[in-house]
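What follows is a short report on a single structure.
The values are calculated or read from the model by the stated rules, or taken from the named source; none is laboratory data. Keep in mind that what you see is a predicted model, and the values were worked out from it rather than measured. Backbone-built Cβ (ideal geometry, glycine too); neighbour counts: all protein chains shown. In case anyone asks, the SASA skips ligands and DNA or RNA and just uses the protein heavy atoms, side chains included. Shrake-Rupley method; radii C 1.70, N 1.55, O 1.52, S 1.80 Å.
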Amino acid sequence: MIPDINLLPKVDRRQSTSKTVYIVLSIIALLFVAFFVFQYFNYRGEIADLRSEEQRVIDERNRLQAELDSISVDTGSLKQSVDFVEAISYPVSPILDETIRLQPGHSYLREYAFDAQTAEVSMDFETLSDISKYLSRLSSSTYFFDAQVSSIEHFELGNQEVEGKANFNEIPRYAVKFTLLINQNALAAGGGNQ
């Protein structure tokens with residue numbers, strides 16, 4: 001009889017599965033480490049790029065600040081700014097009151113616009129003589145240096161012909177735009193002869 005001598009250790013199935021689990025876990029751990037190493041070098045490169053971009057932006061800001069400093073103007077104090085604004089601004093109400101006060105009967109103010117030196121007024125009149133009266137009144141007003149007629153347009157209200165015949169019940173009107181040169185001194189003094 002031959003003796004049955006087995007010098008190899010007995011291998012359990014459990015040991016081989018636990019080795020497989022350890023091998024799989026170590027591979028996963030190595031993949032995680034490789035991923036983190038890759039991310040580290042990737043972010044390190046991006047940080048270097050961002051630092052160079054930051055330096056470029058700082059240099060550009062310094063250059064623009066130096067350019068601004070070389071261009072800088074004397075801004076003055078707040079009081080000087082307020083005085084300047086008060087010197088160039090003027091009240092609008094007296095000008096409107098004056099243009100309405102000087103209107104002849106049956107004339108209507110349509111619109112107005114102002115800038116620093118002039119006022120533009122659009123009005124409707126019934127007759128050309130009303131326009132000339134209003135223009136002479138504006139010219140003699142102390143609020144204005146000069147009054148000029150910018151445009152005169154003739155318009156009719158509604159349909160003027162009834163069955164081919166002229167309708168004499170409606171009077172045609174005139175739309176007139178005036179340009180008024182404002183007298184700043186009289187305006188600041190509150191007007192004058194009224």
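Tabulated data
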{"quantity": "Asp83, Asp69, ranked by accessible area, largest first (probe 1.4 Å)", "calculated": "Asp69, Asp83"}
{"quantity": "Local electrostatic count at Ser139 - Lys and Arg +1, Asp and Glu -1, tallied over other residues with Cβ under 12 Å", "calculated": "+1"}
{"quantity": "Accessible surface, per residue, of the range 114-153 when the full set of protein chains is kept, probe 1.4 Å, Å²", "calculated": "50"}
{"quantity": "Residue-wise HN-Hα coupling along the range 140-146, computed from phi with Karplus coefficients 6.51, -1.76, 1.60 (Hz; x: Gly, Pro)", "calculated": "8, 6, 6, 6, 10, 6, 8"}
{"quantity": "Amide hydrogen neighbours beyond the local backbone of Ile182, cut-off 5 Å, H modeled", "calculated": "Thr118, Ala119, Phe145"}
{"quantity": "For Thr142, distant residues with modelled amide H under 5 Å away", "calculated": "Asn193"}
{"quantity": "Largest-first ordering by accessible area, 1.4 Å probe, given options Leu7, Leu30, Leu138", "calculated": "Leu7, Leu30, Leu138"}
{"quantity": "Integer Hz, Karplus 6.51/-1.76/1.60 couplings in order for the range 174-188, x for Gly and Pro", "calculated": "10, 9, 10, 10, 10, 10, 10, 8, 7, 8, 4, 5, 5, 5, 5"}
